[in-house]
1. When only residues in the stretch 55-97 that are in contact with a helix residue (DSSP H, G or I) (Cβ under 9 Å, 6 or more places away or on another chain) and not polar (S, T, N, Q) count, which is surrounded by the most Cβ atoms within 10 Å (Cβ to Cβ)?
2. Name the one entry in Glu29, Glu15 that is over 26 Å from Thr83 (Cβ atoms), in contact with a Lys or Arg (Cβ under 8 Å, 6 or more places away or on another chain) and either modelled with pLDDT under 90 or not assigned by TED's automatic domain parsing to the domain that holds Ile95 (or both).
3. Does Ala46 qualify as being farther than 20 Å from Leu94 by Cβ and either modelled with pLDDT under 95 or not assigned by TED's automatic domain parsing to the domain that holds Phe88 (or both)?
4. Sort out which residues of the stretch 43-75 are assigned to a strand (DSSP E or B) and either of a type in the set (Val, Ile, Thr) or closer than 23 Å to Phe9 by Cα (or both), and write them in order of number.
5. Residues being outside any loop (DSSP other than H, G, I, E, B) and either touching a residue at least 40 places away in the same chain (Cβ under 8 Å) or under 26 Å from Val45 (Cα atoms) (or both): count how many of those fall in the stretch 76-97.
6. Can you tell me which residue among Ser78, Ser40, Ser93, Ser36 is of a type in the set (S, T, N, Q) and more than 30 Å from Ser12 (Cα to Cα)?
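The values are calculated or read from the model by the stated rules, or taken from the named source; none is laboratory data. Quick caveat, the model's predicted, so the values are computed rather than measured. Neighbour counts are summed over all protein chains in view; Cβ atoms, including those assigned to glycine, are modelled from backbone coordinates with ideal geometry.
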Amino acid sequence: MSNKKQKTFNRSDIELALNQEFPDLSKSEISLAINSILESIVDAVALDEKVEIRGFGTFSKKYIRPRKFINPKTKEISYLGETATIHFKPSKSLIEK
């Protein structure tokens, strides 16, 4: 593993970059476009579809096994069933950048 420090890139950074790239679009139009894209990805993954964006990466559903946990305050043992989360695997070209 390399010791490179990863820089986070959040939604406001994406909006700022798109605003600089497309100055004729308003902030609300850019925000609406980002919402539409993210909502489409989430909806597709929720339906067990795999979403691949060439040169960027792949979004898929990852299942987390059922497990038990202990409430630290009450020491009560509880069980949590299988859950699912979105998993992102970056493309090789994105990793290299």
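1. Restricting to residues being in contact with a helix residue (DSSP H, G or I) (Cβ under 9 Å, 6 or more places away or on another chain) and not polar (S, T, N, Q), the top hit is Phe59.
2. Of the residues listed, the single one that is over 26 Å from Thr83 (Cβ atoms), in contact with a Lys or Arg (Cβ under 8 Å, 6 or more places away or on another chain) and either modelled with pLDDT under 90 or not assigned by TED's automatic domain parsing to the domain that holds Ile95 (or both) is Glu15.
3. Values: farther than 20 Å from Leu94 by Cβ: yes; either modelled with pLDDT under 95 or not assigned by TED's automatic domain parsing to the domain that holds Phe88 (or both): yes.
Criteria met by Ala46.
4. Restricting attention to the stretch 43-75, the residues satisfying the condition of being assigned to a strand (DSSP E or B) are 51-53, 57-64, 67-70.
Val51, Glu52, Ile53, Gly57, Thr58, Phe59, Ser60, Lys61, Lys62, Ile64, Ile70, listed by residue number.
5. 15
6. Ser78
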